[in-house]
Amino acid sequence: MSTNYKDIIKSELPDGMYFDSEGNEVDITAMGIQFDKVQADVNKLEKEIIVVTAEDEGLKREEEAFDIGFSDGKKVDLRRSAIIGRYRSDDLSSVPLIKSIAEAFTNGEVEVTEHFEDTYLTIKFVGTMGVPEGLEDLKVILREAVLAHVGIEYEFIFMTWDQFDSYNKTWDMWDALNLMWDEFEAYKE
């Protein structure tokens, strides 16, 4: 529902209040237009102040605060994920934290395995087939969240031959799907 403040002002004033001393109707249009503009600004501010609804200035402000320099040309959802990941990082380095950052960024489940003796982590993307979009950006955030001496390895899930066979498709049926290689590897019915 859109708000028209001219009508609201007129409906809230007592009868006769919007007439001058000579009985002519006072033009309250200008005041209504200004209130409409203020309401539009408030609506935009409410949207931009929350990361999950922000689309422009709010994301820029957060990216500047977290010194995220890879936002240019990125999709809004990837920018939001990077910011949420930074909020979750909190300068600590733990498996639940790493899992939380990676899951926020990829919108899918991950498994994080610590290899204490060899001082590295394995992050396996189990909720997403193929390489998740924005992986390079996620690597930057995780590199900042994980202690400097700890290595990070990434594992991905691709279609296996057993899965391929279970789809019972002929080569012509596969060709008809017009899948690029990365789409084929991540294909799931």
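The values are calculated or read from the model by the stated rules, or taken from the named source; none is laboratory data. These figures come from a predicted structure and were not determined experimentally. Cβ coordinates were reconstructed from backbone atoms using ideal geometry, including for glycine residues, and neighbour counts include every protein chain displayed.
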Any idea which residue in the range 132-149 is farthest from GLU103 (Cα to Cα), counting only those that are of a type in the set (Val, Ile, Thr) and crowded, with 17+ Cβ neighbours inside 10 Å?
VAL146
Inside the range 102-117, can you point out the residues that are modelled with pLDDT under 85 and not polar (S, T, N, Q)?
ALA104, PHE105, GLY108, PHE116, GLU117
Go through (1) of a type in the set (Lys, Arg); (2) in the same structural domain as ASP77 (by TED's automatic domain parsing); (3) surrounded by 13 or more Cβ atoms within 10 Å (Cβ to Cβ) and name the single condition LYS169 misses.
(2)
Residues satisfying the stated conditions in the range 117-135, i.e. outside any strand (DSSP E or B) and free of Cβ contacts under 8 Å to residues at least 40 places away in the same chain
GLU117, ASP118, THR119, PRO132, LEU135
Helices (runs of 4 or more DSSP H) (entirely within the range 1-95) containing at least 1 residues that are under 14 Å from the mean Cα position of the chain (by Cα), modelled with pLDDT of 75 or more and not basic (Lys, Arg):
29-48, 57-65, 76-89
Take the conditions surrounded by 17 or more Cβ atoms within 10 Å (Cβ to Cβ), among the hydrophobic types (A, V, I, L, M, F, W, C) and over 18 Å from ARG80 (Cβ atoms) and apply them to PHE125. Does it pass?
yes
Note on GLU114: of the conditions (1) in contact (Cβ under 8 Å) with a residue 24 or more places away in the chain; (2) closer than 30 Å to VAL51 by Cβ, unmet is (1)
